[in-house]
Amino acid sequence: MRLLVTLLLCLTLPASALADGFISRLLHKPVPGGVAVLQLGDAASAPQVRYQNKPVLVVREDGKQWIAIVGIPLTVKPGTSEAQVDGRAVPFTVGSKQYREQRITLKNTQQVNPDAANLKRIERELAEQTRAYQQFSARQPSNLLFDKPVDGPLSSAFGLRRFFNGEERNPHSGLDFAVGAGTPIKAPAAGKVILIGDYFFNGKTVFVDHGQGLISMFCHMSKIDVQLGQELPRGGLVGRVGATGRATGPHMHWNVSLNDARVDPAIFIGAFKP
Ligand code: ZN
């Protein structure tokens, strides 16, 4: 049955949206929380692409085809979605994906139901982080197939529907690695440090802009080894794994954002599970 659904989804994809080259094939996971790669032809200059009124990453694949790499927010419903390419609508199909539930018990009930003062802090910190995700720099990402930021096994997957002390909260916006406190975190691609904070939920946090809205966030760190505005090479040291903020123990949490949509980081390291 699942195979049949997959086949039908493939058949209904418009030809222009079919992923072609190596990068396209690896990244094209058009589900909520995934990525759609759109083929845009071989015009002399880069097409301007927007999705949900936000600018989209456009690169040239194999020195020929322009491709748009569109982040699909978890909130998008399966069915037909639409990007704007030079002002013209280009439809693509968003498939469905079932995300599992995760139940977590926290001793600190403030981290489940914060009081008024903490809510104010959370709101301010959310706005600051959203502004970082919405930055769009002209730089080309050094690599779209990312290196793992730490050596270690994956633990909590992206998109898990989370219940803290039995109450549903936002789904898991990133990917966790089970590694010990103090493990070095390395930049999965070159980038610029655009935000550093010590946040209520995320703890010690660093945002790295890889270019054109492709942004990594690392949080719950024990130590930050970079400064605001610093340029990091691919593999450059960002900081150390910790358990600051809302964490039940040391682990590395990594968000990847495209056009202000948090997407599954596993896609970029070849570890995506449908
Ligand atoms: Zn996490």
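The values are calculated or read from the model by the stated rules, or taken from the named source; none is laboratory data. The shown structure was predicted, so the numbers you read here are calculated from the model rather than taken from an experiment. Ideal geometry is used to build each Cβ from the backbone, glycine not excepted, and the neighbour counts take in all protein chains shown. Ligands, DNA and RNA are stripped out before the accessible areas are found, and what is left, the full protein with its side chains, is counted by its heavy atoms. Shrake-Rupley method; radii C 1.70, N 1.55, O 1.52, S 1.80 Å.
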- Item | Scope the range 14-55; condition under 16 Å from PHE268 (Cβ atoms), open to solvent by less than 10 Å² (accessible area, probe 1.4 Å) and at pLDDT 95 or above; matching residues | LEU27, GLY33, GLY34, VAL35, ALA36, VAL37
- Message: Looking at the range 57-89 only, could you name the residues that are over 27 Å from ASN170 (Cβ atoms) and surrounded by fewer than 19 Cβ atoms within 10 Å (Cβ to Cβ)?
- Response: VAL59, ARG60, ASP62, GLY63, LYS64, GLN65, GLN84, ASP86, GLY87, ARG88, ALA89
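Every residue, every condition in (1) hydrophobic (A, V, I, L, M, F, W, C); (2) in contact with a Gly (Cβ under 6 Å, 6 or more places away or on another chain), yes or no:
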{"site": "GLU125", "(1), (2)": "no, no"}
{"site": "GLN140", "(1), (2)": "no, yes"}
{"site": "VAL179", "(1), (2)": "yes, yes"}
{"site": "HIS210", "(1), (2)": "no, yes"}
{"site": "SER216", "(1), (2)": "no, no"}
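For every residue, the table says whether it meets (1) closer than 30 Å to GLY166 by Cβ; (2) assigned to a strand (DSSP E or B).
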| position | (1), (2) |
| --- | --- |
| ALA68 | no, yes |
| GLN84 | no, yes |
| VAL90 | no, yes |
| GLN102 | yes, yes |
| PRO114 | yes, no |
- Considering only the range 94-116, state which residues are basic (Lys, Arg) and open to solvent by less than 80 Å² (accessible area, probe 1.4 Å). LYS97
- Give the residue that is nearest to the ligand (Cβ to nearest atom), with candidates limited to residues of the range 154-164 that are within 24 Å of GLN110 (Cβ to Cβ) and in contact with a Leu (Cβ under 8 Å, 6 or more places away or on another chain). SER156
